[in-house]
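The values are calculated or read from the model by the stated rules, or taken from the named source; none is laboratory data. Everything quoted here is computed from the prediction, not taken from an experiment. Note that we place each Cβ from the backbone using ideal geometry, even for glycine, and neighbour counts take in every protein chain shown.
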Amino acid sequence: MANAVRNIAKFIKRDPESADATVLWALCKALESESAFELNQLFTLKLKSFEMALALLDEWRIDRLIAERRIQKYLDLSDG
């Protein structure tokens, strides 16, 4: 998830008061804290920001799948 987060962080630092930066920041916080996020906020984003949000979601999903597999593998090993 590092690439997407890095790109979003750079974007937010350039213009932290913009509407897009606010939405991207809220999405990052929601994913990290596993809290709710109103998906309709994504449709207010400009195309570049929307693509960054999708990249973040994609990397977050992959990271979660990898973590779940590691946990499952550990549990399987501890059973034997």
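Miscellaneous remarks
- Beta carbons closer than 8 Å, at least 6 apart along the sequence or on distinct chains, pair a first residue in region 1-17 that is touching a residue at least 12 places away in the same chain (Cβ under 8 Å) and closer than 25 Å to residue 67 by Cβ with a second that is surrounded by fewer than 17 Cβ atoms within 10 Å (Cβ to Cβ) and of a type in the set (Gly, Ala, Ser) for 3/55; 4/55; 7/55.
- Test result for residue 31, buried (at least 16 other Cβ atoms within 10 Å of the Cβ), in contact with a Phe, Trp or Tyr (Cβ under 6 Å, 6 or more places away or on another chain) and part of a helix (DSSP H, G or I): yes
- Total residues in region 34-70, condition among the aliphatic types (A, V, I, L, M), in a loop (DSSP other than H, G, I, E, B) and surrounded by fewer than 12 Cβ atoms within 10 Å (Cβ to Cβ): 1
- Selection status of residue 73, assigned to a helix (DSSP H, G or I), modelled with pLDDT of 95 or more and surrounded by fewer than 16 Cβ atoms within 10 Å (Cβ to Cβ): no
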